[in-house]
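FYI, it's all coordinate maths here, none of it is from the lab. Note that the structure is predicted; figures quoted are calculated from it, not measured. So basically every Cβ, Gly included, is an ideal-geometry build from the backbone, and we count neighbours across all protein chains shown.
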Amino acid sequence: MSESNRLRIAIQKSGRLSKESQKLLKGCGVKFTVNEQRLIAPSDNMPIDLLRVRDDDIPGLIMDGVVDLGIIGENVLEEEQIERQDTGKPAQYKKLRELDFGGCRLSLAVPNEFKYDNANSLEGLRIATSYPNLLRRYMKQQNINYSDCMLKGSVEVAPRAGLADGICDLVSTGATLEANGLYETDVIYRSKACLIQSTTEQSPSKQALINKLISRMNGVITARESKYILLHAPTETLDQIVALLPGAENPTVLPLNDDTNRVAIHAVSSEDLFWDTMEELTALGASSILVMPIEKMMG
Ligand code: ATP
Ligand code: MG
């Protein structure tokens, strides 16, 4: 395989992580156009190629050092790592950071008519799953015997189809479980999307590009989690008002024209401001409250 000077980033081709992964990279200033027919989307303003693949392939591509960076759900990453450790294949990667999307949990669920008291109720069941390794690790910790039924998809219909007694599958809202007459019993793994890097040593120029991307990504994600807040406040309740703004310890306080009893506050808050807080602020005499999104942050 030829060594490329271009940084290769694997992202999911289509599915729950693909749009967010593309949006994050675009937010970091990486320009590219996706052609649905093509595996590779080259960036036209940075030495970066995006590889659009099935999410199951991303951990292996990183662990084999075939691509440099990847955006992947921790559930798929951990499942593949256990598999590779058990079969003696390369299983190393560096986790650069957790991302702010792709949140879900891997849970055990059983039909509504099944009587569940505790994890021991699962003894001897047949469980359908796409995550046999994470399931085995959990059942071993709990000391429960079971048999598994490996399904790559449609896991939630396995009990009704008579293929299994219960399932171990990804859940976010629980609506799919409910629609299939199942209920959640044990959460066995909580997952988010993350950015990973291969452990292969990078050339200084590639590593510098990776560092730049990480720093921009930190800026994009912090900005998404933050709000810019402007308001007018009576000077006598200033401290109480500032205390209500989450993570805005050092706001800018400016005088107002012709009003010595009130000041303007400009602050970056580390969280959104909810209606309840806005109402508490007005109760303290705050007025002209503006909450605005922030596009980018640095330094
Ligand atoms: P591919 O075709 O790439 O193999 P897939 O069908 O395996 O796609 P998706 O359903 O698109 O995968 O899910 C990708 C990842 O999104 C999951 O592995 C998980 O990390 C995350 N995710 C977030 N919420 C959910 C959910 N409710 N159900 C399934 N996955 C979720
Ligand atoms: Mg998949």
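How high is the FRET efficiency from Ser205 to Asp86, r the C-beta distance, R0 25 Å, rounded to 0.05?
Efficiency, from the Cβ-Cβ distance: 0.10.
Please compute the modelled spin-label separation between Asn143 and Val157, points set 7 Å along Cα→Cβ, answer in nm with one decimal.
3.9
Which value in deg cm²/dmol, rounded to the nearest 500, describes the helix-derived mean residue ellipticity at 222 nm for the chain, given -39,500 (n - 2.57) per DSSP H run of n ≥ 4 and division by the residue count?
That comes out to -8500 deg cm²/dmol.
Report the label-to-label distance for Leu254 and Arg54 in nanometres (one decimal), using points 7 Å from each Cα along the Cα→Cβ vector.
Calculated label separation equals 5.6 nm.
Starting from the Cα-Cα distance between Thr222 and Asn120, subtract it from 0.36 nm times their residue separation and give me the gain in nm to one decimal. Please report the intermediate quantities before stating the final value.
Values: separation 102, 0.36 × 102 = 36.72 nm, distance 4.24 nm.
Extra length available between Thr222 and Asn120 comes to 32.5 nm.
Does the chain come out rounded, prolate or oblate by the C-alpha gyration tensor, with a ≥ b ≥ c the root eigenvalues, rounded set by a/c under 1.5 and, if not, prolate when a/b is larger than b/c and oblate if not?
Oblate.
Please compare each pair in Lys192/Lys227; Lys13/Lys206; Lys26/Lys140 to a cut-off of 32 Å on the Cα-Cα distance and tell me which ones are over it. The partial results should precede the final answer.
Working: Lys192/Lys227 23 Å; Lys13/Lys206 24 Å; Lys26/Lys140 42 Å.
Distance filter (> 32 Å) returns Lys26/Lys140.
What is region 1-109 by shape, rounded, prolate or oblate, if you read a ≥ b ≥ c off the alpha carbon gyration tensor as root eigenvalues and call it rounded for a/c under 1.5, prolate for a/b larger than b/c, and oblate otherwise?
Note, shape of region 1-109 comes out oblate.
Rounded if a/c is under 1.5, else prolate if a/b beats b/c, else oblate: with a ≥ b ≥ c from the C-alpha gyration tensor eigenvalues square-rooted, which is region 156-208?
The shape class here is prolate.
If R0 is 35 Å, what FRET efficiency do you get for Asp239 and Asp100 from their C-beta distance, rounded to 0.05? If you can, show how the numbers build up before the last one.
Values: r = 31 Å, r/R0 = 0.90.
With a Förster radius of 35 Å, E is 0.65.
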